[in-house]
Amino acid sequence: MNIFFAGGLGTLLLLGLPVAFTLAFLAVAGMYIFNGGSLAFMQVPIISYKSLDDFSLTALPMYVLMSQILLVSGVGKDLYEMASRWFRHLPGGLAIATLFCCAIFAAISGSSVATAITVGSIALPEMVRRGYNKRHVLGLLAAGGTLGILIPPSVPMIIYGSVTGESIGKLFIAGIVPGLILTISFMVFASYQTRHIKDTPATWKERLDSTKTAIWGLMLPVIVIGGIYTGIFTPTEAAAIGVVFSFAISAFVYRNLNWENFKKIIISTVKTNSMILFIIVGAMLLGYIMTILQIPQTITAYATEQDISPWIIFIMINVVLLILGMFLETISILVITLPILYPIIIALGFDPIWFAIIMVINMELALISPPVGLNLFVLKGIDRTNTIDEIVKGVIPYAIIMVLLIVLLSIFPEISTFMIEDVD
């Protein structure tokens, strides 16, 4: 049975069938073969409905909508200008500014792609013009874009919470400190790598003026994350408030919310959400037949009965996630693996919130892992003179930093969990 699903999944993906339809096809085929023929198909609409009948998923389309609004609002340009004026006098100051901007935009968009596109399109030509090595710039932009899914709000964390039933609020808060550690680590390395470049310091007036201009973008993560942490509103309510605030910024501050941009925002949001929700439905259908066949239970029992350390199994899980990240995008990996991995993690005694952060960091690695790392192609699209090989070479040191963060969180798991006790 395991061979049937694994072989079928690999074959259909290699044939180019979209992930959502691959999962659904395998699920329906499994129902027909293993669960009583055509009568099993009656479960398809029921499971499809139940898989989306989850209040926590309400936040997903709103965070995607918020990221699309921010893409066209112009807030990214103001954030970058502010960061540049505050940091450019330091060794490799523009590299630090770029990563700072990535972290802030990550905290207001929840999207790796939105972060990479917005910051990359502004920073790449500017940094190259000022003498930064192009390979170094491509590497830090690809890595900086991944911060969009670790620093809350985060679409993969919403998926994790929806599939496992864990608190999305706790997941968001758990990502703050690891996200800051990763951002600072990226900054330190980027500064060292480009330490020979310094720029003219900005005056205090220039710094304060740019901060005043960027204040609207800076307020958004404070409102969203601050509201969740203090209990003023739930993650779903925070998403709704973020959308309203983003619309207000675009319409009344930047004044660029015309009909053409509005159509672009809505179409992009519908496409992205449809893709994610189709994948969730397909994964839930496949999860149903796998549960009927007791595949997750069998794998969990096998893993826990082995006379080996739970940490060996944990390392093996990370290796599997790394390999999957080379060929699948993050949402697909989450919905395919979580029904199997989550019970194993619980049975081995690991904290599920801590594991969520470990898994999201693995998803960050997936975004910059060849041959299909999404951020690699985003940067390739920004400047078509780049090659994927050049981007990969630039991003390798940042991938190593991510692996080291996984090691650090494994040794000190409380880094990701000490803030979540009072969060619902």
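The values are calculated or read from the model by the stated rules, or taken from the named source; none is laboratory data. This is a predicted model, so every value here is computed, not measured. Glycine also receives a Cβ, built like all others from the backbone with ideal geometry; neighbour counts cover every protein chain displayed. Surface accessibility is based on the protein's heavy atoms, side chains included, excluding ligands, DNA and RNA. Shrake-Rupley method; radii C 1.70, N 1.55, O 1.52, S 1.80 Å.
Would you please name the residue that is most open to solvent (accessible area, probe 1.4 Å), looking only at residues in the stretch 149-184 that are closer than 17 Å to Pro61 by Cβ and small (Gly, Ala, Ser)?
Ser162
Go through Ala283, Ala251, Ala190 for me and flag whichever is open to solvent by less than 60 Å² (accessible area, probe 1.4 Å), touching a Leu at 6+ places or on another chain (Cβ under 8 Å) and without any contact (Cβ under 8 Å) to a residue 60 or more places away in the chain.
Answer to the check: Ala251.
Identify all residues within the stretch 230-248 that are touching a residue at least 12 places away in the same chain (Cβ under 8 Å) and either over 21 Å from Ser154 (Cα atoms) or among the aliphatic types (A, V, I, L, M) (or both); write none if there are none.
Answer for the stretch 230-248, where residues must be touching a residue at least 12 places away in the same chain (Cβ under 8 Å) and either over 21 Å from Ser154 (Cα atoms) or among the aliphatic types (A, V, I, L, M) (or both): Ala238, Ala239, Ala240, Ile241, Val243.
Kindly indicate the residue of the stretch 47-65 that is in contact (Cβ under 8 Å) with a residue 24 or more places away in the chain and of a type in the set (Ser, Thr, Tyr) and also surrounded by the most Cβ atoms within 10 Å (Cβ to Cβ) among those meeting that condition.
Tyr63
Of all residues in the stretch 82-106, which are over 19 Å from Asn133 (Cβ atoms), in a loop (DSSP other than H, G, I, E, B) and open to solvent by less than 20 Å² (accessible area, probe 1.4 Å)?
none
Quick one: which of Ser121, Ser162, Ser109 is among the polar types (S, T, N, Q) and farther than 22 Å from Glu81 by Cβ?
Ser162
For residues that are open to solvent by less than 10 Å² (accessible area, probe 1.4 Å) and of a type in the set (A, V, I, L, M, F, W, C), tally how many sit in the stretch 315-330.
Final tally of qualifying residues: 1.
Go through the stretch 348-374 and give me each residue that's of a type in the set (Asp, Glu) and either buried (at least 22 other Cβ atoms within 10 Å of the Cβ) or at pLDDT below 90 (or both).
Glu364
Would you check if Leu70 is part of a helix (DSSP H, G or I), more than 27 Å from Thr330 (Cα to Cα) and open to solvent by less than 10 Å² (accessible area, probe 1.4 Å)?
no
What residue, among those in the stretch 270-300 that are out of contact with any helix residue (DSSP H, G or I) (no Cβ under 8 Å at 6 or more places or on another chain) and part of a helix (DSSP H, G or I), is nearest to Phe41 (Cα to Cα)?
Out of the qualifying residues, it is Ser274.
Taking Trp259 as the residue in question, decide whether it is surrounded by fewer than 12 Cβ atoms within 10 Å (Cβ to Cβ) and more than 18 Å from Ser73 (Cα to Cα).
In short, no.
Taking the stretch 391-405 as the region of interest, how many residues are open to solvent by 10 Å² or more (accessible area, probe 1.4 Å), more than 18 Å from Val188 (Cβ to Cβ) and either of a type in the set (A, V, I, L, M, F, W, C) or touching a strand residue (DSSP E or B) at 6+ places or on another chain (Cβ under 9 Å) (or both)?
Residues in the stretch 391-405 being open to solvent by 10 Å² or more (accessible area, probe 1.4 Å), more than 18 Å from Val188 (Cβ to Cβ) and either of a type in the set (A, V, I, L, M, F, W, C) or touching a strand residue (DSSP E or B) at 6+ places or on another chain (Cβ under 9 Å) (or both): 1 in total.
From Val407, Val403, Val360, Val395, which residue is more than 20 Å from Ile315 (Cβ to Cβ) and either of a type in the set (Val, Ile, Thr) or touching a residue at least 12 places away in the same chain (Cβ under 8 Å) (or both)?
Answer to the selection: Val395.
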